[in-house]
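Each value in this text was obtained by applying a stated rule to the coordinates, not by laboratory testing. Every value quoted in this text rests on a predicted model; they were computed, and no experiment measured them. Positions of Cβ are generated from backbone atoms using ideal geometry, with glycine treated the same way; all protein chains shown enter the neighbour counts.
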Amino acid sequence: MVGMGQTAEKKGYDLPGVVENGDTIAVVHVPKVYIFPTLKFESKEEYYRYKKLVRDVKKVYPYSQIAKTTFQEVHNIMDSLPNNKLRKKYIKAKEDELLDRYYDELFAMTIRQGEILLKLIDRELNRSALDVIKELRGGFSAIMWQSMAKVFGESLNTTYDATTGEDMMIERIVVQIEQGVI
């Protein structure tokens, strides 16, 4: 019994619910949980390659998320701009802003990390980096950036297939990052 000046201690949780046929049913969002089989490595070298892949994916994954949000933001703003001149001006300003903010970090990445980032951008946007550049900056810029990538032995047309090869392992790592497991 609670007397004057005292408050009852509340136990439990407040949950949203619905009432169906006189019964109250809690409505709880439970995220998907993925369970992967334990990895078995045939050699120490294979294990070290995996650990390196985990390190590289963890480093570049946040940038793929930034690319995804920025791309969505750019599209929303471009849809509201009345003409191509303003769109081009906006794209150039956004490009300069991103270069100012991320140039040093991106420049410090290894070629391998850049390759993984290109795959993750394709994963997040469902289009290659080359297609994104073509769409936002035009064909000539896309050719120039693709030429620069070729100098380093890469391609901006890199695609991602989570069901095969190394991309399957990258997908496993990304899902574990998103779940907070690694």
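A compact table of results
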read-out	value
Among the listed pairs LYS92/LYS119; LYS44/LYS119; LYS88/LYS134; LYS40/LYS119, those beyond 19 Å (Cα-Cα)	LYS92/LYS119; LYS44/LYS119; LYS40/LYS119
Length released on extending from SER80 to ARG137, taking residue separation times 0.36 nm less the Cα-Cα span	18.8 nm
Dipole of the chain, positive end: most advanced residue of ILE170, HIS29, LEU39 [Cβ charges, Cα centre]	ILE170
Amide H contacts under 5 Å for LEU81, placed H, 5+ residues apart	none
Net charge of Cβ neighbours under 13 Å - reference TYR50; Lys, Arg +1; Asp, Glu -1	+3
Most mobile listed residue (TYR47, TYR34, TYR13) in the chain, GNM with C-alpha springs under 10 Å	TYR13
In range of the label at LYS32: residues from the stretch 151-182 whose backbone nitrogen is under 14 Å from the point 7 Å along Cα→Cβ	162-163, 171-179
Full-stretch length increase - TYR90, GLU46 - with 0.36 nm per residue and alpha-carbon distance subtracted	11.2 nm
For the stretch 35-48, Karplus couplings with θ = phi - 60° (6.51, -1.76, 1.60), whole Hz, Gly/Pro x	10, 9, x, 5, 6, 10, 9, 7, 7, 5, 4, 5, 4, 5
Rg [Å, one decimal], Dmax [Å, integer] - the stretch 44-179, C-alpha atoms	16.0, 58
Rounded to the nearest 20 debye, dipole of the stretch 44-179 from Cβ charges on Lys, Arg, Asp, Glu	220 debye
Centroid-to-centroid separation of the stretch 45-86 and the stretch 17-32 [C-alpha atoms, Å]	36 Å
Unit charges at the beta carbon, dipole of the chain: most positive-side option, ILE111, VAL54, VAL18	ILE111
